[in-house]
Amino acid sequence: MADYRKIMLLLLQGRSYRQVHTLLNCSHRTISKARQVLDEQGFTTQAQLKELSDEDLERCFTDGRRAVSASFVPIDIEAVIKAALQVLAW
């Protein structure tokens, strides 16, 4: 996951997208997402960002992947192999 805190701090310093990309090797899309959160949340100072906990910052950048992985059902490999062997035995 991108270090959104660093990206946002650089943006608040007035750095361009190109400068942020060069310094942190992150995509234009990631930088744009960070800019959008800055604007939506009304963050205007570096102190505001430094006061945010990691959990609070993570909530600003949810993308739904965590909910999907929480509902993931692991595959029973032994049952799959057993069923495949039964099919081959016919």
If the reach is capped at under 24 angstrom between alpha carbons, list the lysines near residue 6, excluding any in the same chain fewer than eight residues apart. 33, 50
Pop a pseudo-label 7 angstrom from the Cα along the beta-carbon direction at both residue 32 and residue 13 and give the gap in nm to one decimal. 2.4
Surface accessible to a 1.4 Å probe, per residue, for the residues of the chain, Å²: 79
Tell me, what ³J(HN,Hα) does each residue in the stretch 45-60 have, in order and in whole Hz, if you take phi through Karplus 6.51 cos²θ - 1.76 cosθ + 1.60 with θ = phi - 60° and put x for Gly and Pro? 10, 5, 4, 4, 5, 5, 7, 5, 6, 4, 5, 5, 5, 4, 5, 6
Note: the stretch 20-65, point scatterers on Cα, Debye, no solvent; log10 I/I(0) at q = 0.24, 0.28, 0.29 Å⁻¹ equals -1.04, -1.19, -1.19
Within the accessible area of the stretch 1-44, what % is carbon and sulfur when the probe is 1.4 Å and the other protein chains stay in place? 45
Label point 7 Å beyond Cα of residue 57 along Cβ direction - residues of the stretch 8-33 with amide nitrogen under 15 Å: 8-13, 24, 31
Scattering curve values for the chain, log₁₀ I(q)/I(0), Debye with Cα scatterers, q = 0.12, 0.18 Å⁻¹: -0.50, -0.81
Report the residue, chosen from 30, 22, 44, that carries the largest GNM mean-square fluctuation when the chain is represented by alpha-carbon nodes joined by springs under 10 Å. 22
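Give me the number: length gained by fully extending residue 24 to residue 47, i.e. 0.36 nm times residue separation minus the C-alpha to C-alpha distance, one decimal in nm.
So the extension gain works out to 6.2 nm.
The values are calculated or read from the model by the stated rules, or taken from the named source; none is laboratory data. Bear in mind the structure is a predicted one, so any value in this text is a computation, not a measurement. With ideal geometry, Cβ positions are generated from the backbone for all residues, glycine too; neighbour counts draw on all protein chains shown. Surface areas here come from the heavy atoms of the whole protein model, side chains and all, with no ligands, DNA or RNA. Shrake-Rupley method; radii C 1.70, N 1.55, O 1.52, S 1.80 Å.
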